[in-house]
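Here the structure comes first, spelled out in C-alpha cells, and everything after it is commentary.
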Amino acid sequence: MNLAMLKPGEKGRIAKMGAIGPLRRRLMDMGVLVGEEITVEKVAPLGDPIEITVKNYNLSLRKKEAEGILLEDPK
C-alpha cells in the first residue's frame, strides 16, 4: 500500500521510501522518514496534490511523489 491510496483522515506508518535521488533527499529533509506516522489531511478534487501531516508539520506532495512512499499494512 502506498501513501496515495489513503483517504483524508486515514493514518499510516512509513515502511519504505521508494523515491530516489533529489526527491528522496527533499522528503527526508521534510521529516518524511521510515517509521514515522503520517496522516492524510486533504486530497485535491482531482487527486493532486495531497496534504499530509508528519511530525505535526503540514506538507503537500504530488500524487506521483506520494506513490513512492510505501506504508505498513494495517493490522
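Can you find a residue in segment 14-21 that is at pLDDT below 90, of a type in the set (Lys, Arg) and within 11 Å of the chain's Cα centre (by Cα)?
yes
Restricting attention to segment 14-28, does a residue exist that is in contact with a strand residue (DSSP E or B) (Cβ under 6 Å, 6 or more places away or on another chain) and in contact (Cβ under 8 Å) with a residue 60 or more places away in the chain?
Within segment 14-28, not a single residue is in contact with a strand residue (DSSP E or B) (Cβ under 6 Å, 6 or more places away or on another chain) and in contact (Cβ under 8 Å) with a residue 60 or more places away in the chain.
Which pairs have Cβ atoms under 8 Å, sit 6 or more apart or on different chains, and link a residue in segment 58-71 that is touching a residue at least 24 places away in the same chain (Cβ under 8 Å) and in a helix (DSSP H, G or I) to one that is among the polar types (S, T, N, Q) and surrounded by fewer than 20 Cβ atoms within 10 Å (Cβ to Cβ)?
Taking only residues 6 or more apart or on different chains, the pairs are Ala66/Asn2; Glu67/Asn2.
Restricting attention to segment 6-43, which residues are in a loop (DSSP other than H, G, I, E, B), surrounded by fewer than 12 Cβ atoms within 10 Å (Cβ to Cβ) and out of contact with any Lys or Arg (no Cβ under 9 Å at 6 or more places or on another chain)?
Once the filter is applied, which keeps residues that are in a loop (DSSP other than H, G, I, E, B), surrounded by fewer than 12 Cβ atoms within 10 Å (Cβ to Cβ) and out of contact with any Lys or Arg (no Cβ under 9 Å at 6 or more places or on another chain), segment 6-43 yields Lys7, Gly9, Ile20.
Quick one: in segment 44-57, of everything that is modelled with pLDDT of 90 or more and part of a loop (DSSP other than H, G, I, E, B), which residue is nearest to Glu72 (Cα to Cα)?
Among them, the one singled out is Pro49.
If I ask for residues that are aromatic (Phe, Trp, Tyr) and surrounded by 13 or more Cβ atoms within 10 Å (Cβ to Cβ), which ones from segment 44-65 would you list?
Across segment 44-65, there are no qualifying residues.
The values are calculated or read from the model by the stated rules, or taken from the named source; none is laboratory data. Just so you know, these numbers come straight off a predicted model, no measurement behind them. Counting neighbours? That spans all protein chains shown, and the Cβs are built from the backbone with ideal geometry, glycine included.
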